[in-house]
Amino acid sequence: MKKLFSTILLFFLFHPVASSQRLIKTINSGWEFSLEGQNKSKTVNIPHTWNAKDAFKDDTEYFRGKGIYQKEISIPENWKDRSVFIKFEGANQETKVYVNDQFAGEHIGGYTSFVIEISNLLEFEDKNILRIEVDNSHNNDIPPLEADFNFYGGIYRDIELVVTGKSHFKLTGPEAGNLLIKTPEVSQKIATVSFQGEIVNPSKELYLQLEITDPLGNIVFKNTQSETSEKFSIRTEITNPQLWSPDTPNLYQLKAELIDRNSGEIQDSYISKFGCRWFEANPEKGFILNGKPIKLIGANRHQDFDNMGNAVPNSLHRKDYQMIKDMGSNFIRTAHYPQDSEVYKICDKLGLLVWTEIPVINDVTDSEAYHQNSVNMLREQILQLQNHPSIVFWGYMNEIFIRLVFTGNMPEADKAAKIKTSIELARKLEAETKKLDSSRLSVMALHDNNLYNTTGIADIPDVIGWNLYFGWYTQGLENLGKFLDEQHKKYPDRPILISEYGPGSDSRIQTNTPKPWDYSEAYQLKSHVSYLNQVIERDYMIGMAAWNFADFGSSGRQDSRPYINQKGLVNFDREPKDIYYYYKARLAKENSVFIAGGNFEHRFIEEGDSVNIKVFSSSPEVDVIIDDNEKLTTKAIDHIASFSIPLSEGTHLIKAISNGKEHQRKLQINFRDNLIERLSAKPIQVNIGSHSDFIDEETGEIWISDQEYFKNNFGFTGGKVYQQSENKFQGSASNIKLTTKEPLYQTMREGINKYTFDVPKGKYRISLLMTEPNRKASKQSIYNLGSETLENTEGSRIFDILINGKLVESNLNLAADYGILTAVELNYTVFTATGLEINFRSISGEPILSGIRIEKL
Ligand code: GCB
């Protein structure tokens, strides 16, 4: 190791004592909290958001306004000689800090850290009142303006007191206390390390001591600089550096101390990890890390969690990234904003390459303030996170033309102005990125539209990420490869990756015949397999990031779970969906085998049909043993071994074995033909208008896929599967009020004539489930795709219902009687000598039915 210092070296003339080292302590607990305009206050702990619940409620807008936090803290007498700061890891989105009623400082932006000095406002040896006002109101000058996620308000990340000596490393400013470690040149043989920072109150009485330790904790560099001045910049070299990569996440550590030469007291100290690696994005060969190609495969990740909103503890951040690593990823995009500082630490440690970005999303305001706030966010992101070797991409825009494209009647002049201001901002952000850090790649994410190419905005960053939803928002999974090849051919110098892809899914929806927009886990699997294949076979593709690691909150969403974007590989509470295990089998180094269908253990088949079983396996061959008896072997294609097995009615134990790993599941097989016979033991529930089974997780009821009537059985006559719009295969993508069985109500048969059950003589209870699906689309949602010209049909759908010829409902008008998109359940008790025939007789419009249950009494 070579030292490049011209300064005098002091070899431990003084032995520093630890008495006044930097003190960092959280002040998370016990805040009095109230919302502006509401008289109630309550005690809360930070991390905290006031939107954890209300962003998920029917008929209420989540509260976007001001929250006020107040707390008393005692400040000891001996802090008089020290400097005191408050550090916020993140508060959304405008924050003002007051100490003893005096203004201390403010910050704009919800996703980066900031530090405010409060030394001069404190009463020592006394109580002090901290008041923090946080406002998450919409503000046209602050990104994000709009997006498909919740802008939860509050102090949702840790808040700390930091106490240093009067001389200290700079804590305020966009770096929020970070001192910059760069590795401008790295090779197998040598890594140059530079370290820069600022000292507040430098003095001749101080010296600066540095120490770098290698991944094993050996000191590889130690140096003492005899004097301090305001700015310092130090360079050294590490020979034969232990490189950082996903497989070898080697981390070095730098420790810097400011020491008083007379007393030996440490006035301030700073510690940070860093790593040595080099990389490039090559438009032909893809991503190259430390000289070797590596396909980036992983996911995007939002920071919120079921019931908590964005106020999640570090342990949950850590758990997420461990799960992401365990599924075999090497890549993560912290969409759509910088996440908790803990996140980048864990990515360094686990070996995950990171794309981090600022929340300039969907739209740009053509104002000086908006531009400036965006630039500030970008500066804060880069200066605060620069030491993390995991970060390789700095992102600064997501689908910036989508609002413009989807606003139907925007005048051409306004469109041109939007494009102009967006391009200007992109240029500023690009220039600022390169000014602050030329060692990483700049990137932006685009939606599927040629405007990004024709306007030239896509030529601004180093790398382009495409958010591509073929087989979902755009038709045809197989069109992905064609699209990519065309882009590559047209823009051969542009490195590209897929920054988002994937359909929504709901573990309550199971089928063997998946279709786009059915929200089944099977369709999610089909889509991800296809994407993986099409990207992996193209060497020029840098990589891909699934949308999204986990389901997340989005108040504008109306999928099959209200207000939740369901494209996660795992549920909102992080319970894995099948697809998570698929990625694990396909990507992780560790061997694994998994029988798909965690929620598909009850199968309802025609007698004589085989049961489809899919096994995800890391190894090419899979054995399945049925009831510890019969063994079948099959080769896995794309890491899926598919079996089609004739099974008798009843319970069967299925064991899948591959390369020494085993997974088992009990399958309960029911023949549909026998359901009527078994009615006295078990009701029949049918998911009308759907090819999928709906598993009600609350009651355990399974609403089986619908069927056409045939003799001595049951089923519908007449009508068609309801479709909200052309490119959705079935159902209504709308929240249904007063139920938790949304998918059951969302799919339906329209124009149905009758539903028949060939039951024997007896007393039965019939339940009919229905909803009026048509609504006036108040605002066209860009996420629910296209051509929704929906009407409020109050009065236009009226029908009678007859059971075995007897009128049980006359002039039923769901819209008028119950309201649109509201769950309606009508129950009837009937005697029959033989058979049940439920007739739907139109008065006007087409009768509609979502579900039916028959119970023998
Ligand atoms: C996108 C957006 C992302 C959305 C996603 C979706 O392209 O970038 O914020 O959540 O699509 O699910 O529609």
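The values are calculated or read from the model by the stated rules, or taken from the named source; none is laboratory data. Keep in mind that this is a model prediction, so the values were computed, not measured. Every residue, glycine among them, receives a Cβ derived from its backbone with ideal geometry; neighbour counts consider all protein chains shown. The area values use the complete protein model at the heavy-atom level, side chains included, leaving out ligands, DNA and RNA. Shrake-Rupley method; radii C 1.70, N 1.55, O 1.52, S 1.80 Å.
Among the helices (runs of 4 or more DSSP H) confined wholly to segment 311-428, which include 3 or more residues that are within 16 Å of the ligand (Cβ to nearest atom)? Steps first, answer last, please.
Values: elements: 314-326, 341-350, 368-385, 402-406.
Counting at least 3 such residues, we get 402-406.
Only one of Lys80, Lys96, Lys87, Lys71 is surrounded by fewer than 16 Cβ atoms within 10 Å (Cβ to Cβ) and over 24 Å from Ile361 (Cβ atoms); which?
Details: Lys96 fails: surrounded by fewer than 16 Cβ atoms within 10 Å (Cβ to Cβ); Lys87 fails: surrounded by fewer than 16 Cβ atoms within 10 Å (Cβ to Cβ); Lys71 fails: surrounded by fewer than 16 Cβ atoms within 10 Å (Cβ to Cβ).
Only one candidate passes the filter, namely Lys80.
From the list Ile346, Ile382, Ile332, pick out the single residue that is out of contact with any strand residue (DSSP E or B) (no Cβ under 9 Å at 6 or more places or on another chain), β-branched (Val, Ile, Thr), farther than 26 Å from Leu404 by Cα and surrounded by 20 or more Cβ atoms within 10 Å (Cβ to Cβ).
On the way: Ile382 fails: out of contact with any strand residue (DSSP E or B) (no Cβ under 9 Å at 6 or more places or on another chain); Ile332 fails: out of contact with any strand residue (DSSP E or B) (no Cβ under 9 Å at 6 or more places or on another chain).
Selected residue: Ile346, the only one of Ile346, Ile382, Ile332 that is out of contact with any strand residue (DSSP E or B) (no Cβ under 9 Å at 6 or more places or on another chain), β-branched (Val, Ile, Thr), farther than 26 Å from Leu404 by Cα and surrounded by 20 or more Cβ atoms within 10 Å (Cβ to Cβ).
Out of everything in segment 419-476 that is open to solvent by 30 Å² or more (accessible area, probe 1.4 Å) and acidic (Asp, Glu), what residue ends up being nearest to Trp547 (Cα to Cα)?
Filtering segment 419-476 for residues that are open to solvent by 30 Å² or more (accessible area, probe 1.4 Å) and acidic (Asp, Glu), the one nearest to Trp547 (Cα to Cα) comes out as Asp448.
Just wondering, is there one or more residues in segment 710-723 that are assigned by TED's automatic domain parsing to the domain that holds Arg765, surrounded by fewer than 15 Cβ atoms within 10 Å (Cβ to Cβ) and within 33 Å of the chain's Cα centre (by Cα)?
no
Looking only at segment 576-585, decide whether some residue is small (Gly, Ala, Ser), in contact (Cβ under 8 Å) with a residue 40 or more places away in the chain and not assigned by TED's automatic domain parsing to the domain that holds Asp638.
Of the residues in segment 576-585, the ones small (Gly, Ala, Ser) are 585.
From the residues that got through so far, the ones that are in contact (Cβ under 8 Å) with a residue 40 or more places away in the chain too are 585.
Among the residues that remain, those that are also not assigned by TED's automatic domain parsing to the domain that holds Asp638 are: 585.
Within segment 576-585 (the criterion being small (Gly, Ala, Ser), in contact (Cβ under 8 Å) with a residue 40 or more places away in the chain and not assigned by TED's automatic domain parsing to the domain that holds Asp638), the answer is yes, since at least one residue qualifies.
Quick check on segment 579-595. Is at least one of its residues within 16 Å of the ligand (Cβ to nearest atom), in contact with a Lys or Arg (Cβ under 6 Å, 6 or more places away or on another chain) and not hydrophobic (A, V, I, L, M, F, W, C)?
Start the filter on segment 579-595 by keeping residues that are within 16 Å of the ligand (Cβ to nearest atom), which leaves 579.
Next cut, in contact with a Lys or Arg (Cβ under 6 Å, 6 or more places away or on another chain) only: none.
No: zero hits.
Here's the yes/no breakdown for (1) polar (S, T, N, Q); (2) under 40 Å from the mean Cα position of the chain (by Cα):
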| site | (1), (2) |
| --- | --- |
| Ile234 | no, yes |
| Ile238 | no, yes |
| Thr248 | yes, yes |
| Gly264 | no, no |
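Tell me yes or no: at least one residue of segment 144-162 is more than 16 Å from the ligand (Cβ to nearest atom), touching a helix residue (DSSP H, G or I) at 6+ places or on another chain (Cβ under 6 Å) and not in a helix (DSSP H, G or I).
Step one: filter segment 144-162 for residues more than 16 Å from the ligand (Cβ to nearest atom), giving 153-162.
Subset that is touching a helix residue (DSSP H, G or I) at 6+ places or on another chain (Cβ under 6 Å): none.
Checked segment 144-162: no residue is more than 16 Å from the ligand (Cβ to nearest atom), touching a helix residue (DSSP H, G or I) at 6+ places or on another chain (Cβ under 6 Å) and not in a helix (DSSP H, G or I).
Output the residue which, of all residues in segment 155-213 that are closer than 27 Å to Phe279 by Cα and of a type in the set (Val, Ile, Thr), is farthest from the chain's Cα centre (by Cα). Break it down into steps so the answer makes sense when it comes.
Narrowing segment 155-213 to residues closer than 27 Å to Phe279 by Cα: 174-175, 178-197, 211-213.
Filter again for of a type in the set (Val, Ile, Thr), leaving 181, 183, 186, 190, 192-193, 212-213.
Working: Ile181: 30, Thr183: 31, Val186: 33, Ile190: 38, Thr192: 36, Val193: 34, Ile212: 36, Thr213: 35 Å.
Checked segment 155-213; the qualifying residue farthest from the chain's Cα centre (by Cα) is Ile190.
Limited to segment 443-457, what total is found for residues that are within 22 Å of Thr334 (Cβ to Cβ) and within 11 Å of the ligand (Cβ to nearest atom)?
Looking only at that region, the number is 3.
Check segment 195-205 and report whether any residue there is under 22 Å from Val392 (Cβ atoms) and crowded, with 21+ Cβ neighbours inside 10 Å. Let's see the steps before the verdict.
Initially, segment 195-205 is screened for residues under 22 Å from Val392 (Cβ atoms), giving 195-196.
Going one step further and asking which of them are crowded, with 21+ Cβ neighbours inside 10 Å, we end up with 195.
Within segment 195-205, one or more residues are under 22 Å from Val392 (Cβ atoms) and crowded, with 21+ Cβ neighbours inside 10 Å.
State the number of residues belonging to segment 656-676 that are surrounded by fewer than 17 Cβ atoms within 10 Å (Cβ to Cβ) and part of a helix (DSSP H, G or I).
2
In segment 575-599, how many residues are open to solvent by 10 Å² or more (accessible area, probe 1.4 Å) and over 16 Å from the mean Cα position of the chain (by Cα)?
So the count comes out to 15.
For the structure I just gave you, tell me whether Asp518 is away from the ligand (no atom under 14 Å from the Cβ), in the same structural domain as Thr356 (by TED's automatic domain parsing), under 30 Å from Thr739 (Cα atoms) and open to solvent by less than 10 Å² (accessible area, probe 1.4 Å).
Numbers: away from the ligand (no atom under 14 Å from the Cβ): yes; in the same structural domain as Thr356 (by TED's automatic domain parsing): yes; under 30 Å from Thr739 (Cα atoms): yes; open to solvent by less than 10 Å² (accessible area, probe 1.4 Å): yes.
When the stated conditions are applied, Asp518 passes them.
Restricting to segment 615-627, name every residue that is within 27 Å of the chain's Cα centre (by Cα) and either surrounded by fewer than 17 Cβ atoms within 10 Å (Cβ to Cβ) or of a type outside the set (A, V, I, L, M) (or both).
Initial filter on segment 615-627 (within 27 Å of the chain's Cα centre (by Cα)): 615-618.
Selection gives Phe616, Ser617, Ser618.
Yes/no per residue for (1) without any contact (Cβ under 8 Å) to a residue 12 or more places away in the chain; (2) more than 18 Å from the chain's Cα centre (by Cα); (3) within 13 Å of the ligand (Cβ to nearest atom):
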| residue | (1), (2), (3) |
| --- | --- |
| Gly504 | no, no, yes |
| Arg508 | no, yes, no |
| His528 | no, no, no |
| Asp573 | no, no, no |
| Glu601 | no, yes, no |
| Phe604 | no, yes, no |
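Only residues that are charged (D, E, K, R) and touching a residue at least 40 places away in the same chain (Cβ under 8 Å): list them for segment 200-227, please.
If we filter segment 200-227 for residues that are charged (D, E, K, R), which is where we start, we get 204-205, 211, 214, 222, 227.
Hits for segment 200-227 are Glu205, Glu211, Glu227.
Taking Phe305 as meeting all but one of (1) assigned by TED's automatic domain parsing to the domain that holds Leu532; (2) open to solvent by 30 Å² or more (accessible area, probe 1.4 Å); (3) touching a strand residue (DSSP E or B) at 6+ places or on another chain (Cβ under 9 Å), write down the number of the exception.
Here Phe305 clears every test but (2).
Does Ile219 meet the test of being out of contact with any helix residue (DSSP H, G or I) (no Cβ under 7 Å at 6 or more places or on another chain) and open to solvent by 10 Å² or more (accessible area, probe 1.4 Å)?
Numbers: out of contact with any helix residue (DSSP H, G or I) (no Cβ under 7 Å at 6 or more places or on another chain): yes; open to solvent by 10 Å² or more (accessible area, probe 1.4 Å): yes.
In short, yes.
Within segment 429-465, how many residues turn out to be in a helix (DSSP H, G or I) and more than 30 Å from Gly502 (Cα to Cα)? Talk me through it step by step, then tell me what you get.
Keep residues of segment 429-465 that are in a helix (DSSP H, G or I), which gives 429-436, 451-454, 457-459.
Keeping just the survivors that are more than 30 Å from Gly502 (Cα to Cα) gives 431-432, 434-436.
Looking only at that region, the number is 5.
In segment 548-560, how many residues are within 21 Å of Ala299 (Cα to Cα), touching a Phe, Trp or Tyr at 6+ places or on another chain (Cβ under 8 Å) and either free of Cβ contacts under 8 Å to residues at least 40 places away in the same chain or of a type outside the set (S, T, N, Q) (or both)? Walk me through it before giving the result.
Initially, segment 548-560 is screened for residues within 21 Å of Ala299 (Cα to Cα), giving 548-554, 557, 559.
Narrowing further to those that are touching a Phe, Trp or Tyr at 6+ places or on another chain (Cβ under 8 Å): 550-554, 557, 559.
When the remaining residues are screened for being either free of Cβ contacts under 8 Å to residues at least 40 places away in the same chain or of a type outside the set (S, T, N, Q) (or both), the result is 550-553, 557, 559.
The qualifying residues number 6.
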